[in-house]
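S.K.: Just dropping this structure here.
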Amino acid sequence: MRIEMELEKLGLTLPEPPKPAGFYVGATVANGFAFSAGQGPSVKGEIRYRGKVGRDLTVEEGFDAARISVLNCLAQFKAVLGDLDKIERIVKVTGFVNSADGFRNQPTVLNGASELLLKLWGENGKHARAAVAVSVEGWIPVEIEVIAKVRE
């Protein structure tokens, strides 16, 4: 429960894992790794932010959307692992940022996710990352996937 205690110190709470929107699971474990499905910035079943970063939303709002999205990834991990302390290290974060034409600050937006993981796992929170610009009208601004190494 150390990770959840760290969340509390940061003034954050682990949400209930969002229900998948299709025929898939929120997270799965295979060969010592946990994989989250893509998670967006939903809070209690409601999408917190919509639109394109750099047009409809500021970088700061995108940053917050990434933080909420990664919290949902952690909620999915807790649902399959039972305890976030079973995560040894964060391996990779992939982030899709719904971006306005010409917007180039996807890495800054995804720092909302990466910063939280570093605060929670310290050195073991350092991870590889991909920041991908996408363009989808009227949809969520950020979707995050996480791969984590599970303790044996």
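Read the figures in this text as sums done on the coordinates, not as results from a lab. Keep in mind the model is a prediction, meaning the values are calculated, not measured. Cβ: placed from backbone, ideal geometry, glycine included. Neighbour counts: every protein chain shown.
S.K.: Between segment 1-59 and segment 77-121, how many Å separate their Cα centres?
M.R.: 9
S.K.: Another question, if that's okay. Which value at 222 nm does the chain reach when only helices count, each DSSP H run of 4 or more adding -39,500 (n - 2.57), with the total divided by all residues and rounded to the nearest 500 deg cm²/dmol?
M.R.: Values: 3 runs with 47 residues, N = 152.
Helices in the chain give a 222 nm mean residue ellipticity of -10000 deg cm²/dmol.
S.K.: Could you please report the charge total around VAL53, scoring K, R as +1 and D, E as -1 over all other residues with beta-carbon less than 14 angstrom from its beta-carbon?
M.R.: Details: positive: ARG48, ARG50, LYS52, ARG55, ARG67, ARG104; negative: ASP56, GLU60, GLU61, ASP64, ASP101, GLU137, GLU143.
Result for the local shell: -1.
S.K.: While we're looking at this one, here's another question. So what's the Cα pair-distance distribution over the chain, bin width 5 Å, in %?
M.R.: Going out from 0 Å in 5 Å bins, the chain shows 2, 11, 21, 24, 21, 13, 7, 2, 0 percent.
S.K.: Would you compute the Debye intensity of segment 1-51 from its alpha-carbon atoms alone, equal scatterers and no solvent, and pass along log10 I(q)/I(0) at q = 0.16, 0.28, 0.32 Å⁻¹ to two decimals?
M.R.: -0.66, -1.10, -1.13
S.K.: So, one more: I need ILE87, ILE47 ordered by Cβ neighbour count within 10 Å, fewest first. Working shown, then result.
M.R.: On the way: ILE87 25, ILE47 15.
The most exposed by this proxy come first: ILE47, ILE87.
S.K.: Taking amide H positions as placed 1.01 Å from N in the peptide plane, with prolines and chain starts having none, which residues 5 or more places from SER42, or on another chain, fall under 5 Å of its amide H?
M.R.: ARG48
S.K.: Just to check I understand the Karplus step: with θ = phi - 60° and J = 6.51 cos²θ - 1.76 cosθ + 1.60, what whole-Hz values come out for segment 79-89, glycine and proline as x?
M.R.: Coupling constants for segment 79-89: 4, 8, 9, x, 7, 5, 5, 6, 7, 7, 7 Hz.
S.K.: Using the Karplus curve 6.51 cos²θ - 1.76 cosθ + 1.60 with θ = phi - 60°, work out ³J(HN,Hα) for each residue of segment 45-60 in order, rounded to whole Hz, and write x for Gly and Pro.
M.R.: The phi angles translate into x, 10, 6, 6, 10, 9, x, 9, 6, x, 10, 8, 10, 7, 4, 5 Hz.
S.K.: Using θ = phi - 60° and the Karplus relation 6.51 cos²θ - 1.76 cosθ + 1.60, list the HN-Hα couplings for segment 123-132 in order, rounded to whole Hz, with x at every Gly or Pro.
M.R.: 3, 6, x, 5, 8, 6, 8, 10, 10, 10
S.K.: Let me ask another. Could you rank the peptides 120-126, 7-13, 29-35 by their average count of other C-beta atoms within 10 Å per residue, with the highest value first?
M.R.: Working: 120-126: 15.6, 7-13: 12.0, 29-35: 13.7.
Those peptides, ordered most packed to least, come out 120-126, 29-35, 7-13.
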